[in-house]
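Worksheet for the structure shown next.
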Amino acid sequence: MEKRWTLLPTDETQTNSLQQSLRIHPSLCSILTQRNINTFDKARNYFRPELKQLHAPWLMHNMDLAVERIQKAFQTNEKILVYGDYDVDGTTAVACVYQFLRKIYPNVDFYIPHRYREGYGLSKQGIEYAHAHHYGLVILLDCGIKSHKLIAYAKTLNIDCIIGDHHLPDDVLPPAVAILNPKQKNCPYPYKELCGCGIGFKLITALAEQLQLPEQEYMQYIDLVATAIAADIVPITEENRILAFYGLKKINENPCPGIKAIIQCSGLSNVLNITNVVFVIAPRVNAAGRMDDARKAVELFIEQNETQALQYATMLQNDNTDRKETDAAITEEALAMIDEDEHWKQRNCTILFQPHWHKGVVGIVASRIIEKHYRPTIVLTESNGLITGSARSIAGLNIYETIDSCKDLLLNYGGHFYAAGLTLHQNQLHTFIEQFDAAVTKRITPEMLIPALMIDNEIHFDAITPAFYTIIKQMEPFGPSNMRPVFLARNVHNTTHSKIVKEKHIRFVLQQGNKRLAGIGFNLAHKFPLLNSGKPIDIAFSIDENEWNGATTLQLKMIDFRLGE
């Protein structure tokens, strides 16, 4: 798939000023200023994140009410239920808060809704479970902010709810005793991008301070917080970056038995980074809810016996194997449907439905389709007589807002800028397809249908040195809003040492001026004739390390290349 190269602008004045302060390569200073790190103090905080930079939890609106209500439950020996969603963010949040409470209070348990029997977030079945088992307080994590009617129903059963959620609230909030969500209009909390587990972490931080407990009583769960930050694709900026930095440190040095067991099952042996968490740990945790019951993900995270933790991790590993086989089969079938129907190639969106598709993987399939057919995509299946599924978007299109414009046709929906879920009656499907396509067409431009390759800065091979790469390493952890830098090098020449490997990839040896650098270009073999043309090329790449026979060298990780301009 061809990409639209976009070189990000540089503020020369800010770059020069920062370069004078930091004395590092101007290209790196340019990238820092693009990320709003434009002063020495901001750069110091960025390169040297410290836990003391975290905001006080009491700045969050309603935190005092939440702590007060939990303490009241302690005093009256009231049963507390910690309730969270079935994905990584929800299960880590539940594991974090449940373990903290359990250490200081015996009358607490947790609840994870079943994806297929109950659906996303707070369910009526969950409330009725709480009522039947005499829970007076339910702490909702990573869900609840949209559950107006259900929380009102809980009140009629004398169940109070505390909401700890990071999804965008409606104008009218649910009738909970306390709502912890920095995105509330009246919340003064300085950082708005915490994930659900991050908000749970803030709650136990406040509780620990109120109860005068040592810092370790909540800091021991920072590896769970980092796992949630990585998996939920929230910005790796400011507070999230600090939490991810120290959480990864704990994952690599002293992880909880559950995370240690996943690492062991996956075969990872090197130092883990955010990418490992996103593509190795997160899929295994998510697979529990996709293929079976996510409760065992929480059981894994709270298990202290390493042998038992390994048994849970093996279950998740097996679920993930099943998930991969299932989503591969459905993806193949879905792509064939597009190839056989020119109708979808002419539209600005893709909506596919088969009643037999597995509900747990339709979101993954939507993402896979976008990799081949770059359009906002919805993949639907049948569940309990209704059509339900997941949507994924392309850069620049808010899929949640687009679906919201069709809400008159839907029974239920929710999500974020780039991902959402929805449910509708079968007789509304055709109308929904037409209405959604019209809504996408109104919001999209032809340019948006060509995937953008965002390039941070242009450099020359001479700049790529071990010292240069050392600074890039210090920019980790990478993730949304702090991605690994992508560079452009112009008029680069191929050498006779480049070759295709494993039919899909290219092993490069390239030269610019007098300097040669090796690299790898994954899934670029189809462009090998262009590389072999003898003409100069422009390349877009990131920089990483290659370990071979005990030696470590810098290499280019090629993202794309084209004829030199």
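Here is a list: GLN304, GLN346. Which entry is open to solvent by 60 Å² or more (accessible area, probe 1.4 Å) and either of a type in the set (Val, Ile, Thr) or closer than 27 Å to LYS372 by Cα (or both)?
Working: GLN304 fails: either of a type in the set (Val, Ile, Thr) or closer than 27 Å to LYS372 by Cα (or both).
Among GLN304, GLN346, only GLN346 is open to solvent by 60 Å² or more (accessible area, probe 1.4 Å) and either of a type in the set (Val, Ile, Thr) or closer than 27 Å to LYS372 by Cα (or both).
So, restricting to strands (runs of 3 or more DSSP E) that lie completely within region 511-565, which ones have at least 2 residues that are at pLDDT below 90 and of a type in the set (Ser, Thr, Tyr)?
Numbers: elements: 515-521, 537-548, 551-563.
Of the strands (runs of 3 or more DSSP E) lying wholly inside region 511-565, those with at least 2 residues that are at pLDDT below 90 and of a type in the set (Ser, Thr, Tyr) span 551-563.
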Check every one of the helices (runs of 4 or more DSSP H) wholly within region 188-246 and list those with 1 or more residues that are over 18 Å from VAL88 (Cα atoms). 196-210, 216-219
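Among the residues of region 422-434, which ones are polar (S, T, N, Q), in contact (Cβ under 8 Å) with a residue 12 or more places away in the chain and either more than 16 Å from GLU401 (Cα to Cα) or open to solvent by 60 Å² or more (accessible area, probe 1.4 Å) (or both)? Steps first, please.
Step one: filter region 422-434 for residues polar (S, T, N, Q), giving 423, 426-428, 431.
Add one more test, that the residue is in contact (Cβ under 8 Å) with a residue 12 or more places away in the chain, and what stays is 423, 426, 428, 431.
Once the filter is applied, which keeps residues that are polar (S, T, N, Q), in contact (Cβ under 8 Å) with a residue 12 or more places away in the chain and either more than 16 Å from GLU401 (Cα to Cα) or open to solvent by 60 Å² or more (accessible area, probe 1.4 Å) (or both), region 422-434 yields GLN426, GLN428, THR431.
Does LYS324 qualify as being among the charged types (D, E, K, R) and either surrounded by 18 or more Cβ atoms within 10 Å (Cβ to Cβ) or touching a strand residue (DSSP E or B) at 6+ places or on another chain (Cβ under 8 Å) (or both)? So that I can check it myself, show each step before the final result.
Values: among the charged types (D, E, K, R): yes; either surrounded by 18 or more Cβ atoms within 10 Å (Cβ to Cβ) or touching a strand residue (DSSP E or B) at 6+ places or on another chain (Cβ under 8 Å) (or both): no.
Answer is no for this residue.
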Can you tell which of ALA73, ALA43 is within 31 Å of the chain's Cα centre (by Cα) and touching a residue at least 12 places away in the same chain (Cβ under 8 Å)? ALA43
Going through THR39, THR92 one at a time, which residue ends up being crowded, with 23+ Cβ neighbours inside 10 Å, of a type in the set (Val, Ile, Thr) and under 30 Å from ILE472 (Cα atoms)? THR92
Can you tell me which of ILE471, ILE539, ILE506 is closer than 26 Å to ALA231 by Cα and within 34 Å of the chain's Cα centre (by Cα)? ILE471
Search region 121-135 for residues being out of contact with any helix residue (DSSP H, G or I) (no Cβ under 6 Å at 6 or more places or on another chain) and crowded, with 20+ Cβ neighbours inside 10 Å, and hand back the single one that is nearest to ASP85 (Cα to Cα). GLY121
So is GLU303 charged (D, E, K, R), more than 30 Å from MET448 (Cβ to Cβ) and over 24 Å from the mean Cα position of the chain (by Cα) or not? yes
Here the qualifying pairs (Cβ atoms under 8 Å; residues six or more apart or on different chains; first in region 152-176 and of a type in the set (Gly, Ala, Ser); second in a loop (DSSP other than H, G, I, E, B)) come out as ALA152/PRO174; ALA152/PRO175; GLY164/ASP142; GLY164/GLY144; GLY164/ASN181; ALA176/GLY144
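With respect to ILE338, determine if the residue is at pLDDT 95 or above and open to solvent by less than 70 Å² (accessible area, probe 1.4 Å). Please lay out each step first, then the result.
Values: at pLDDT 95 or above: no; open to solvent by less than 70 Å² (accessible area, probe 1.4 Å): yes.
It is false that ILE338 is at pLDDT 95 or above and open to solvent by less than 70 Å² (accessible area, probe 1.4 Å).
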Residues satisfying the stated conditions in region 208-231, i.e. surrounded by fewer than 24 Cβ atoms within 10 Å (Cβ to Cβ) and among the acidic types (Asp, Glu): GLU209, GLU215, GLU217
Unique residue being open to solvent by less than 80 Å² (accessible area, probe 1.4 Å) and either at positive phi or in contact with a helix residue (DSSP H, G or I) (Cβ under 8 Å, 6 or more places away or on another chain) (or both) when the list is ILE559, ILE537: ILE537
Does THR13 count as β-branched (Val, Ile, Thr) and open to solvent by 60 Å² or more (accessible area, probe 1.4 Å)? yes
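Open to solvent by less than 80 Å² (accessible area, probe 1.4 Å) and out of contact with any strand residue (DSSP E or B) (no Cβ under 6 Å at 6 or more places or on another chain): does that describe HIS526?
On the way: open to solvent by less than 80 Å² (accessible area, probe 1.4 Å): no; out of contact with any strand residue (DSSP E or B) (no Cβ under 6 Å at 6 or more places or on another chain): yes.
Considered against the rule, which asks whether it is open to solvent by less than 80 Å² (accessible area, probe 1.4 Å) and out of contact with any strand residue (DSSP E or B) (no Cβ under 6 Å at 6 or more places or on another chain), HIS526 comes out as no.
Just checking: which of the helices (runs of 4 or more DSSP H) contained wholly in region 264-355 hold 1 or more residues that are among the aromatic types (Phe, Trp, Tyr) and within 25 Å of PHE100 (Cα to Cα)?
295-302, 306-340
Kindly indicate whether any position in region 234-255 is touching a Cys at 6+ places or on another chain (Cβ under 8 Å), open to solvent by less than 30 Å² (accessible area, probe 1.4 Å), acidic (Asp, Glu) and at pLDDT 90 or above. Steps first, please.
Going through region 234-255, the residues touching a Cys at 6+ places or on another chain (Cβ under 8 Å) turn out to be 234, 240.
Narrowing the set further to residues that are open to solvent by less than 30 Å² (accessible area, probe 1.4 Å) leaves 234, 240.
Next, from what is left, pick out any that are acidic (Asp, Glu): none.
No - not one qualifying residue is present in region 234-255.
Report, by residue number, each residue of region 458-482 that is open to solvent by less than 20 Å² (accessible area, probe 1.4 Å) and in contact with a helix residue (DSSP H, G or I) (Cβ under 9 Å, 6 or more places away or on another chain).
Kept after step one, since they are open to solvent by less than 20 Å² (accessible area, probe 1.4 Å), are these residues of region 458-482: 459, 461, 463-464, 468-469, 472, 475, 477, 479, 482.
Correct list: ILE459, ALA463, PHE468, ILE472, MET475, PRO477, GLY479, ASN482.
Can TYR413 be described as at pLDDT below 95, more than 21 Å from GLU193 (Cβ to Cβ), aromatic (Phe, Trp, Tyr) and surrounded by 15 or more Cβ atoms within 10 Å (Cβ to Cβ)?
On the way: at pLDDT below 95: yes; more than 21 Å from GLU193 (Cβ to Cβ): yes; aromatic (Phe, Trp, Tyr): yes; surrounded by 15 or more Cβ atoms within 10 Å (Cβ to Cβ): yes.
Here the answer is yes, as TYR413 does meet what is asked.
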Unique match (being among the small types (Gly, Ala, Ser), surrounded by fewer than 17 Cβ atoms within 10 Å (Cβ to Cβ), out of contact with any Gly (no Cβ under 6 Å at 6 or more places or on another chain) and touching a residue at least 24 places away in the same chain (Cβ under 8 Å)) among ALA391, ALA395, ALA438: ALA395
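Condition (residue is hydrophobic (A, V, I, L, M, F, W, C), at pLDDT 90 or above, out of contact with any Leu (no Cβ under 7 Å at 6 or more places or on another chain) and closer than 19 Å to ASN273 by Cα) applied to region 462-476: is it met by at least one residue?
Pass one, region 462-476, residues hydrophobic (A, V, I, L, M, F, W, C): 463-464, 467-468, 471-472, 475.
Still in the list and also at pLDDT 90 or above: 463-464, 467-468, 471-472, 475.
This time we only want the ones that are out of contact with any Leu (no Cβ under 7 Å at 6 or more places or on another chain), so: 463, 467-468, 472, 475.
Next, from what is left, pick out any that are closer than 19 Å to ASN273 by Cα: 472, 475.
Yes, region 462-476 has at least one match.
Can you tell me which residues in region 489-506 are open to solvent by 30 Å² or more (accessible area, probe 1.4 Å) and either of a type in the set (Phe, Trp, Tyr) or under 10 Å from MET558 (Cβ atoms) (or both)?
Kept after step one, since they are open to solvent by 30 Å² or more (accessible area, probe 1.4 Å), are these residues of region 489-506: 490-491, 493-494, 496-497, 499-505.
Result: HIS505, single match.
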Yes/no for LEU168 being open to solvent by 10 Å² or more (accessible area, probe 1.4 Å), modelled with pLDDT under 95 and not hydroxyl-bearing (Ser, Thr, Tyr): yes
If I filter region 281-295 for residues that are within 29 Å of PRO49 (Cα to Cα) and surrounded by fewer than 19 Cβ atoms within 10 Å (Cβ to Cβ), do I get at least one hit? no
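The values are calculated or read from the model by the stated rules, or taken from the named source; none is laboratory data. All of these numbers come straight from a predicted model, not from anything done at the bench. Neighbour counts run over all protein chains shown; Cβ positions are idealised from the backbone, glycine included. For the accessible areas, the whole protein counts, side chains as well, though only heavy atoms, and no ligand, DNA or RNA atoms are used. Shrake-Rupley method; radii C 1.70, N 1.55, O 1.52, S 1.80 Å.
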